[in-house]
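Asks: If you scroll down you'll find the structure; I have some questions about it.
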There are 2 protein chains.
Amino acid sequence: MNASRTARDRARAELTQEIKNEARRQLAVDGAQKLSLRSVARELGMVSSALYRYFASRDELLTALIIDAYDAVGEQAEKAAEGGAPRERWRKACHAVRDWARANPHEYALIYGSPIPGYAAPQDTVASAARVPMVLIGILRETNPSPAFEGPPLTDGLAGQLRALGEQVAPDGERIAPDLPLETLNRGIVVWTQLFGMLSFELFGQFVGSVDPTNEFFDHTIEQLADFLGLPPAR
Amino acid sequence: MNASRTARDRARAELTQEIKNEARRQLAVDGAQKLSLRSVARELGMVSSALYRYFASRDELLTALIIDAYDAVGEQAEKAAEGGAPRERWRKACHAVRDWARANPHEYALIYGSPIPGYAAPQDTVASAARVPMVLIGILRETNPSPAFEGPPLTDGLAGQLRALGEQVAPDGERIAPDLPLETLNRGIVVWTQLFGMLSFELFGQFVGSVDPTNEFFDHTIEQLADFLGLPPAR
DNA sequence: CGATTCCGAGAGCACTGCTCTTGACTTGTG
DNA sequence: CACAAGTCAAGAGCAGTGCTCTCGGAATCG
């Protein structure tokens, strides 16, 4: 399992990376729709068929980009949420995700928009996709939330799903959140969907004509969600 | 402005509709990605170039489908929200939207997923797109909400945006909601994004592995959102 | 060194959106 | 009624796509 043993291996890894880079460049400009293997190959000075030695299909290339995108936004969120009071970590994580999304709208659309073809999104993506929600769970685990209002009781089936989710084993071998109250876990999922619902609406143009510069609405809602979660108030 | 005057006009309108129907059929099967003018034409027994007499481009056909989709889901929501107590109207509207989305996932993706090309979505779509949020506003206007918790105060800029939104003139010539408290309007936008955030996550596969059969989570959240809005409790 | 594996190039297939021209048909009007 | 104007479907064609297969040359391994 020696990494990059032969010159060929190194060249292959390098070229694979260059293909992804060029693809990402084109993705950022024109969107996933117009990303073409041929133009990637052309830009790299090779012929299209050669590219198939590295990615078996256009979809496979896109899947690689999807994983990278999940990792990129996940890493941003993780770094932003390091240290500080729970509420502060929550704020920073949200803004990190939003900043990344606004800086890379096409990559955002790739992972949180409509599934591309017959959505081949395989198991490889889930570990990377889970990084942002895991950040949120990490914040919830380090506080003792006292939600702003009680809300309806969990139904049996939902409670079962949440319990199973908490017991589920993450890629790192640990269980996700066996200690988290189910009610808290449920609220975590709610705010998770709210966060990305806002971002999708903002980036996909649904807010045009209402809260169009979304900055203030976003900040206000983030704070409201923190109250909803029961994160201790700041200062 | 006599509707369907000549035989030619009638034939034209009919064929336009048939093209849209066939396109919608293909959309439902394979998604927007694979919808091709040529195959639509082929299925209709005509040649591809003939189709350009009815739609100037593929994007224009898609735009027509987008408007139809907005109208379809809007109509479902409107019908579902007729009559009853506010909370009941809210529940029914949410379920109507979800049912439509699950029955027509590709059409849902077309309007609430990633913008297709360089998103040409013109002004024509906004009136249709506004129908679902207008249903929600209609519910809010017919009650005197007492939210379940107070939440952070509106910032000046956000309050200004909300005021402008309420004064805005809808397609029917009426102002949207000049009488609605800004705080209530704000919460309306929050639950609107939450509703579609949930649907997108469900349909685009983000809930796989967590609250995967989403029925109970959806129902529970709808109720929680009703509390959040301050809709009077049922029964 | 020899055999094997890997790799890029090229040709080619079936498909796409879109344009332009041609000839036939339908209109409404002189 | 007849004729000019308008409309239409069809066909050929262009540039581009994803993907497959074959073919020589090069690197790697035994």
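Table: residues versus (1) more than 19 Å from A:Leu231 (Cβ to Cβ); (2) in contact with a His (Cβ under 6 Å, 6 or more places away or on another chain); (3) part of a helix (DSSP H, G or I).
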| residue | (1), (2), (3) |
| --- | --- |
| A:Val126 | yes, no, yes |
| A:Leu136 | no, no, yes |
| A:Thr143 | no, no, no |
| A:Gly157 | yes, no, yes |
| A:Leu165 | yes, no, yes |
| A:Gly173 | yes, no, no |
| A:Asp179 | no, no, no |
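Asks: Please go through segment B:203-219 and give me each residue that is crowded, with 20+ Cβ neighbours inside 10 Å and closer than 24 Å to B:Ile137 by Cβ, ordered by number.
Replies: B:Phe218, the sole residue that qualifies.
Asks: Moving on to the next point. Does B:Ala148 fit the bill of being in a loop (DSSP other than H, G, I, E, B), facing another protein chain (nearest Cβ under 10 Å), in contact (Cβ under 8 Å) with a residue 12 or more places away in the chain and out of contact with any Lys or Arg (no Cβ under 6 Å at 6 or more places or on another chain)? Break it down stepwise before answering.
Replies: Working: in a loop (DSSP other than H, G, I, E, B): yes; facing another protein chain (nearest Cβ under 10 Å): yes; in contact (Cβ under 8 Å) with a residue 12 or more places away in the chain: yes; out of contact with any Lys or Arg (no Cβ under 6 Å at 6 or more places or on another chain): yes.
So B:Ala148 fits the description; yes.
Asks: State all residues of segment B:58-94 that are under 16 Å from B:Thr193 (Cα atoms) and either free of Cβ contacts under 8 Å to residues at least 60 places away in the same chain or of a type in the set (A, V, I, L, M) (or both); if no residue qualifies, say none.
Replies: Listed by number, the residues that qualify are B:Val73, B:Ala77, B:Ala93.
Asks: Can you spot a residue in segment B:23-38 that is among the β-branched types (Val, Ile, Thr) and more than 12 Å from DNA strand D (Cβ to nearest atom)? Before the answer, list the steps.
Replies: Residues of segment B:23-38 that are among the β-branched types (Val, Ile, Thr), as a first pass: B:29.
Restricting the remaining residues to those that are more than 12 Å from DNA strand D (Cβ to nearest atom) gives B:29.
Yes, segment B:23-38 contains at least one residue that is among the β-branched types (Val, Ile, Thr) and more than 12 Å from DNA strand D (Cβ to nearest atom).
Asks: Does A:Leu62 count as within 8 Å of DNA strand D (Cβ to nearest atom) and within 14 Å of another protein chain (Cβ to nearest Cβ)?
Replies: Values: within 8 Å of DNA strand D (Cβ to nearest atom): no; within 14 Å of another protein chain (Cβ to nearest Cβ): yes.
The answer is no for A:Leu62.
Asks: Filter segment A:44-53 down to the residues that are hydrophobic (A, V, I, L, M, F, W, C) and either more than 10 Å from DNA strand D (Cβ to nearest atom) or surrounded by fewer than 18 Cβ atoms within 10 Å (Cβ to Cβ) (or both) and list them by number.
Replies: Filtering segment A:44-53 down to residues hydrophobic (A, V, I, L, M, F, W, C) leaves A:44, A:46-47, A:50-51.
Passing the criteria: A:Leu44, A:Met46, A:Val47, A:Ala50.
Asks: Of everything in segment A:9-46 that's under 22 Å from A:Asp71 (Cβ atoms) and among the polar types (S, T, N, Q), which residue is farthest from DNA strand C (Cβ to nearest atom)?
Replies: Within segment A:9-46, the match that is farthest from DNA strand C (Cβ to nearest atom) is A:Gln26.
Asks: What is the number of the single condition among (1) more than 24 Å from B:Glu75 (Cβ to Cβ); (2) of a type in the set (A, V, I, L, M); (3) without any contact (Cβ under 8 Å) to a residue 24 or more places away in the chain that B:Leu182 does not meet?
Replies: With (1) more than 24 Å from B:Glu75 (Cβ to Cβ); (2) of a type in the set (A, V, I, L, M); (3) without any contact (Cβ under 8 Å) to a residue 24 or more places away in the chain applied to B:Leu182, the lone miss is (3).
Asks: Applying the selection to segment A:47-91, what residues are within 16 Å of DNA strand C (Cβ to nearest atom), among the basic types (Lys, Arg) and either in contact with an Asp or Glu (Cβ under 8 Å, 6 or more places away or on another chain) or not in a helix (DSSP H, G or I) (or both)?
Replies: A:Arg53
Asks: Among the candidates A:Ala56, A:Ala41, single out the residue that is within 16 Å of DNA strand D (Cβ to nearest atom), exposed (fewer than 15 other Cβ atoms within 10 Å of the Cβ), away from every other protein chain (no Cβ under 13 Å) and over 29 Å from A:Leu231 (Cα atoms). Let's see the steps before the verdict.
Replies: On the way: A:Ala41 fails: exposed (fewer than 15 other Cβ atoms within 10 Å of the Cβ).
One residue alone meets the criteria, A:Ala56.
Asks: Another question about this same structure. For B:Asp156, which of the numbered conditions (1) loosely packed, with under 14 Cβ neighbours inside 10 Å; (2) within 9 Å of chain A (Cβ to nearest Cβ); (3) more than 24 Å from A:Glu202 (Cβ to Cβ) fails to hold?
Replies: (3)
Asks: Only one of (1) modelled with pLDDT of 95 or more; (2) more than 17 Å from the chain's Cα centre (by Cα); (3) more than 7 Å from chain B (Cβ to nearest Cβ) is not met by A:Leu195, so which one is it?
Replies: A:Leu195 satisfies every listed condition except (2).
Asks: Can you tell me which residues in segment A:59-90 are small (Gly, Ala, Ser) and surrounded by 14 or more Cβ atoms within 10 Å (Cβ to Cβ)? Full working, then the answer.
Replies: So the first thing to find is which residues in segment A:59-90 are small (Gly, Ala, Ser), and the list is A:64, A:69, A:72, A:74, A:77, A:80-81, A:83-85.
Of everything in segment A:59-90, those that are small (Gly, Ala, Ser) and surrounded by 14 or more Cβ atoms within 10 Å (Cβ to Cβ) turn out to be A:Ala64, A:Ala69, A:Ala72, A:Gly74, A:Ala77, A:Ala80, A:Ala81, A:Gly84, A:Ala85.
Asks: A further question follows. Could you check, for segment A:140-147, whether at least one of its residues is over 14 Å from the mean Cα position of the chain (by Cα) and within 18 Å of A:Asp71 (Cα to Cα)? If you could, list the steps in order and put the result at the bottom.
Replies: The first filter runs over segment A:140-147 and keeps only residues over 14 Å from the mean Cα position of the chain (by Cα), leaving A:140-147.
From what's left, within 18 Å of A:Asp71 (Cα to Cα): none.
No, segment A:140-147 contains no residue that is over 14 Å from the mean Cα position of the chain (by Cα) and within 18 Å of A:Asp71 (Cα to Cα).
Asks: While we're here: Just checking, how many residues over segment A:204-235 are more than 7 Å from chain B (Cβ to nearest Cβ), under 21 Å from B:Gly157 (Cα atoms) and either part of a helix (DSSP H, G or I) or among the small types (Gly, Ala, Ser) (or both)?
Replies: 6
The values are calculated or read from the model by the stated rules, or taken from the named source; none is laboratory data. Everything numeric in this text was worked out from a predicted model, so none of it was measured. Cβ coordinates were reconstructed from backbone atoms using ideal geometry, including for glycine residues, and neighbour counts include every protein chain displayed.
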